[in-house]
Amino acid sequence: MSVGILNKEIRRVSDPDKAQIIWDGIKTVRAQKQIPALPRLSRYMNRNYKLDKETTQRLLDLAVEDNLVKLHKKVGTKGNKAGVEEDAYRLPTEDMLPYERHDWYCFHCHAGGEVVLCRDCHRVYHQSCIKQDLCDNTGFICNFCRSFQVESIPPEPGVKNERQDLNVLLQITTTRLKEKMPHSILSRAPPPPAKNPYLTSDRKATIGEGGEINSADREAFASFGEEKWRAKFLLKRHIDLEEVLTKCKTYQYRILEEYKADVQNIVHNVVIYHGVHSTMADTARQMFRDCVNDLQEMTTCRDCYRYANTRGDKHWFAKPCRPFHDIVYAKQKGFPYWPAKVVGSQENSDGQIEVRFFGGFHQRALVEKHHIKPISTNIHTLQIKRTSAWNKASEELKRYQELFDKYKVRPEFLTDQYGDPFDGEKVSQLTGSYGQDSESESEGEQNREPGEPGTSLPVMDPNMVTSLSQPQLTQLAVMSRPLVTATNPGNISGRPPTKLRRIEPKPLPGADLSQPATQPAQPMMMPLTVVTVPQVQQQLQLQQQQQLQQQQQLQAQQLQQQLQQQQQLQ
């Protein structure tokens, strides 16, 4: 039906998921060397899907109307059906598939019925699924086609670089999405088996010598894997992530909306081919949500997205972006002030600004404007507790400031907006060493959230220290001192030593080391104290045991006082 220029048609009325199970039934009955007539198909549908005969007949009629199943007359040749003509169903052939431009199912809800045809593409929509007003004079144009209608860009040298840079980033996104989706979206699981695995119809499968099933039944038990003829009758535009990756490598995408439309088309095909409530459809929808998040990150800052997906560089957040982000101290409710980058260009309607924090997992957050302080603010006024997470964030901030001071004086850094300005170099190669070499940190320490317990030893209670014996107190005192190695005197580490080290006595003040002593001095006796990692663990366990004993004693005293008070009241 056509109303002015607005085209409406009833493309298909049958459910594509039901068409799939009808095809499975026809294949199974034919594999048994029987005619796929209504009685046998009805028993198959009842045994596997609990559908009665009337429902099966209605589904077959809709499939015949949509040219998904062919109805013809067949004369039986076996048993009491010999010579009897009956209506039989067969799988569709390619001559039943006319060339049509538009899809058969709504691109929004993936169902059939009366749909509105887009003027410029193959997509169709139910009128109730369209979120925009229809205009009979100009015709219906879907949102995808409206976003594709970009203005013609003059052929400048930067346009080609911009398109190549966009497709290089989309290759990263496609590789991430392929990890969440199987290789082929056309692979289907076989139909559910009957209660008796050897019962495929009204008769039992005949078993030959060696326990092998006869050829006819073996074909019925065969896997219903990838069958491309099914996709021709159900999917108007078949596309998968391999084809999307090929388009990225050949620089075919102009804007992000084209890429997003192709990924959403994959979700549309998966829902039609596997069913709305299938596991495959849930996986495809989750994949599309991840794609939308990646495209939003890419829209916010391409360099941040590029650096974040550079493998092997754990300090990628310290690389400056183009243009430079503002560095601030931002505070969320219930958390202290923390160094962060302002990644949002403008504040939203609620007066919040999007920031991304240094250290940890570089979380994003919307922070109110009055909770953002300049980076030049004195940290003592912010009442910040120096934890291990704070030290890591500060180290990353220092790396960023060093690179920022180095590249802000280079005009070519900001003029060339495309590609990786660092050519894949790691931050540790571009900056000096800050504190402890973070490459030696374990993977568990790298994945901790800001504010979580780090690897530093807990602060000891002075009361606990006084209760220790003298040898234990000497060992703890040596343990608390920073150790300086001979190879790197400036690298002071707060970690417990893993090797045996000797603490040499310092010379007395005022002693002249250039002249030898005229009289032999009395040798200084310095006890050699060795601290190893197991000893540190023993000391910590001892502290915890003593704290637990003190708590138990305090609870016992409180309980005794309560009992005495109750006795006095009585």
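The values are calculated or read from the model by the stated rules, or taken from the named source; none is laboratory data. Only a predicted model underlies this, so the values are computations on that prediction, with no experimental measurement involved. Counting neighbours? That spans all protein chains shown, and the Cβs are built from the backbone with ideal geometry, glycine included. Heavy atoms of the whole protein, side chains included, go into the accessibility calculation; ligands, DNA and RNA do not. Shrake-Rupley method; radii C 1.70, N 1.55, O 1.52, S 1.80 Å.
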Amide H contacts under 5 Å for D326, placed H, 5+ residues apart: V342
Virtual paramagnetic centre 7 Å along Cα→Cβ of K131, amide N under 11 Å, in segment 267-305: none
Nearest-10 value in Å² for the accessible area of D416, using the 1.4 Å probe: 80
Whole-Hz ³J(HN,Hα) from phi, Karplus 6.51 cos²θ - 1.76 cosθ + 1.60, for segment 122-127, glycine and proline x: 8, 6, 10, 9, 5, 4
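Using only alpha carbon positions, build the gyration tensor of segment 81-148, then give the equivalent ellipsoid semi-axes as the square roots of 5 times its eigenvalues, largest first, whole angstrom. Write down the numbers at each step before the final one.
Details: eigenvalues 286, 36, 19 Å².
Semi-axes (√(5λ), whole Å): 38, 13, 10.
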Reachable lysines from K314, criterion Cα separation under 16 angstrom, eight or more residues apart if same chain: K392, K398, K426
Of K50/K180; K53/K73; K18/K70; K333/K385; K131/K249; K18/K247, pairs whose Cα-Cα distance is over 27 Å: K50/K180; K131/K249; K18/K247
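Rank I185, I379 by accessible area, highest first, at a 1.4 Å probe radius?
Values: I185 10, I379 40 Å².
Ranked list, largest accessible area first: I379, I185.
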Extension reserve of the R364-Q252 stretch, reckoned as 0.36 nm per residue once the Cα distance is removed: 37.2 nm
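Which percent of the accessible heavy-atom area of segment 291-389 goes to carbon and sulfur, probe 1.4 angstrom?
Numbers: 2480 of 5040 Å².
Exposed carbon and sulfur together represent 49 percent of the surface.
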Probe 1.4 Å - accessible area at S128, Å² to nearest ten: 110
Hz values of 3J(HN,Hα) by residue in segment 544-556 - Karplus curve (6.51, -1.76, 1.60), Gly and Pro given as x: 5, 5, 5, 4, 5, 5, 4, 5, 5, 5, 5, 5, 5
Segment 348-412: relative contact order as a whole-number percent, Cα under 8 Å and 6+ apart: 30
Calculated P(r) tail over 23 Å for segment 1-106, as whole % of Cα pairs: 35
Under 5 Å, built H, 5+ apart or other chain: amide partners of L51: N46
Residues D290 and R410, FRET efficiency given R0 of 45 Å [Cβ-Cβ distance, rounded to 0.05]: 0.80
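As a test of reading the structure, rank V84, V343 by solvent-accessible area (1.4 Å probe, protein chains only), most first.
Numbers: V84 65, V343 15 Å².
Solvent-accessible surface, decreasing: V84, V343.
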Nonlocal amide H pairs with R364, under 5 Å, H built at 1.01 Å: none
Euclidean distance between Cα centres, segment 23-49 to segment 358-427, Å: 66
Phi to ³J(HN,Hα) by Karplus 6.51 cos²θ - 1.76 cosθ + 1.60 over segment 324-330, Hz, x for Gly, Pro: 5, 7, 6, 9, 9, 9, 10
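What do you reckon, how do H325, H72 stack up by accessible area (1.4 Å probe), largest on top?
Working: H325 25, H72 60 Å².
Heavy-atom accessible area, descending, gives H72, H325.
Any idea of the accessible area per residue across segment 246-384, 1.4 Å probe, to the nearest Å²? Could the numbers behind the result be given before it?
Details: 6540 Å² over 139 residues.
With all protein chains present, segment 246-384 gives 47 Å² per residue.
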Pair T381, K8: separation of 7 Å Cα→Cβ label points (nm): 6.6
